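A short worksheet on the structure shown next.
The values are calculated or read from the model by the stated rules, or taken from the named source; none is laboratory data. This one's a predicted model, so the numbers in the text were calculated from it and none came from an experiment. Don't worry about glycine lacking a Cβ; one is built from the backbone with ideal geometry, like all the others, and counts go over all protein chains shown. Remember, those area values only see protein heavy atoms, side chains included, never the ligands or the DNA or RNA. Shrake-Rupley method; radii C 1.70, N 1.55, O 1.52, S 1.80 Å.
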Amino acid sequence: MTLDEIRALIRTVPDFPKENIMFRDITPVLRNPAALRAVIEHLADCCRDDKVDVVVGIESRGFMFAVPLALALGAGFVPVRKLGKLPAEVVQAEYALEYGTNTVEMHRDAIQPGDRVIIVDDLIATGGTAGAAIDLVEQLGGEICRLLFLVELAGLKGREGLQGYEVHSLITF
Ligand code: AMP
């Protein structure tokens, strides 16, 4: 399945979760067997030469792509979770929201110094969440090969805040 065909499956829901947000709903892509397979193959093709040890997925829609990608690459999977969800010792990173801040966590023993890491989420908007995930990986000495997204909201210029990193998205709105 082509990227244009996958793009056509993404459902745009206006004013969700609040007014003036165009929500890009990827659940129809997950529901379509050919699209689901193709997304993982396209993501894997981006990083075949990266010699990845760990695929980091960002809660919660990032998990849906990060786990099958880890399987496809022969890598392990590590979750980035919201504050207070992980049971063992964690590292934390805070990032700015429109109003206030948010904190994400990763298990301290999830990444070893020198591990080659890919960070995956369903969508990049402002890039704040991805920046926090980078912070967590780097606190633990991981080496970030690239960041992968199914969807990029280009107008929000999220990649401008991630300069110095390889940022790859399959579909742009
Ligand atoms: P950001 O930190 O601004 O890059 O936001 C990225 C996170 O918010 C991702 O985990 C997305 O799932 C979610 N997100 C932000 N904006 C949208 C949108 N318009 N449609 C769907 N998900 C979004």
Seminar exercise, completed: If we take segment 24-103, then helices (runs of 4 or more DSSP H) inside it with 3 or more residues that are within 16 Å of the ligand (Cβ to nearest atom) and open to solvent by 70 Å² or more (accessible area, probe 1.4 Å) are none
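In the set Leu148, Leu170, which member is of a type outside the set (Ser, Thr, Tyr), part of a strand (DSSP E or B) and over 10 Å from the mean Cα position of the chain (by Cα)? Give the steps one after another, and end with the answer.
Numbers: Leu148 fails: over 10 Å from the mean Cα position of the chain (by Cα).
After ruling out the rest, the residue left standing is Leu170.
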Problem set entry | Enumeration of residues in segment 98-124 that are more than 17 Å from Leu86 (Cβ to Cβ) and among the charged types (D, E, K, R) | Glu98, Asp115, Arg116, Asp121, Asp122
Seminar exercise, completed: Taking segment 112-141 and keeping residues part of a strand (DSSP E or B) and within 13 Å of the ligand (Cβ to nearest atom) leaves Ile119, Val120, Asp121, Asp122, Leu123, Ile124
For this session: With respect to Ile144, determine if the residue is in contact with a helix residue (DSSP H, G or I) (Cβ under 8 Å, 6 or more places away or on another chain), more than 30 Å from Ala8 (Cβ to Cβ), open to solvent by 10 Å² or more (accessible area, probe 1.4 Å) and more than 11 Å from the ligand (Cβ to nearest atom).
Result: yes
